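Enquirer: This is the structure, below, for whatever I ask next.
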Amino acid sequence: MRGALAFAATIWGAGVWADEVMTLQWEAGVIPLQPGDILAAEAGEGGVAVQLEPELARDFAKLTELLIGETMAILVCGTEVARPMIRARIDGGRIMVPAESSAETVRVLLGEVPCQGGAHGKAGSTE
């Protein structure tokens, strides 16, 4: 199964890391997300709801199916903000991102303002 997880990272393409605003990371791989990968981001109670673009959302569903029972770290501007356990396949490409400054995090995720050294999320576990 570890080989399948490592392969899953290749379906995303590495992209240009300099423009990375959000990262999904698990034991066998990492997915850097750029503003163009995010269709929408909406501030709400408890954080920011992120909607991945359709093709990425389909790939994310396949990946989460492979990762059931594993944890996936969510980083915003290089700072870990959450590390949820994947309990089921996640269809639809919607990810909830905890954030102290939701409005500012939305602007960062949409590429309206640059990352400021991880100042947009709260630190989480770094297991």
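Enquirer: Considering only the other residues whose Cβ falls under 14 Å of the Cβ of I68, what net charge follows from Lys and Arg at +1 and Asp and Glu at -1?
Expert: Summing Lys/Arg as +1 and Asp/Glu as -1 gives -1.
Enquirer: Given labels modelled 7 Å from the Cα in the Cβ direction, how far is it in nm from M96 to L110?
Expert: Simple spin-label model gives 2.2 nm for this pair.
Enquirer: Sticking with this structure for a sec: Modelling each spin label as a point 7 Å along the Cα-to-Cβ direction, I'd like the R89/E53 distance in nm, to one decimal.
Expert: 2.4
Enquirer: Separate question: If I model a spin label as a point 7 Å beyond the Cα along the Cα-Cβ vector, how far apart are those points for A43 and K62 in nm?
Expert: 3.6
Enquirer: If you take the charge dipole of region 44-100 about its Cα centre, with +1 on Lys and Arg Cβ and -1 on Asp and Glu Cβ, which of P98, T79, I68 is farthest toward its positive end?
Expert: So the residue we want is I68.
No lab work stands behind these numbers, since they all come straight from the coordinates. What you see is a predicted model; the values in this text were computed from it and never measured. Backbone-built Cβ (ideal geometry, glycine too); neighbour counts: all protein chains shown.
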